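Participant: First the structure, which I've put down as structure tokens, then a few questions once you've had a look.
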Amino acid sequence: MTYHFPSTMSPHPTTLKTYAERIEAHSNATAKKILQTIDRKKSNLCVSVDVTKAADALEVVRRVGASVCMVKVRRRRAGRTGKRCAVLIADALRYHR
């Protein structure tokens, strides 16, 4: 079965703009920063990392950091290395700016 959208539907005007053009429309600093990153890296890919070991999270970030605009990391088991891991991941992401 094929679904046909009604002919009266048109794309939202925002989706017709480039990410660079959308930056000026936002008053939210975080939204602007994300859009700037997307525009600079020419990628809107986001990666969600769900791991138990901090080293695994860091490895994923090192491998995909250059190709994505955002990485969300969730460790299922917090340990004493949590703060240290966060610093290492942040450093790895800064490297891939």
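Participant: Amide H to amide H under 5 Å from Val49: which residues, 5+ apart in sequence or cross-chain, H placed 1.01 Å off N in plane?
Facilitator: So Val49 has HN proximity to Lys72, Val73, Arg74.
Participant: Can you tell me how region 17-95 classifies by the Cα gyration tensor, rounded, prolate or oblate, using a/c under 1.5 as the rounded cut?
Facilitator: On the way: a/c = 2.76, a/b = 2.20, b/c = 1.26.
Here region 17-95 falls in the prolate category.
We did not get these values from a lab; they are worked out from the coordinates using the rules stated. Only a predicted model underlies this, so the values are computations on that prediction, with no experimental measurement involved.
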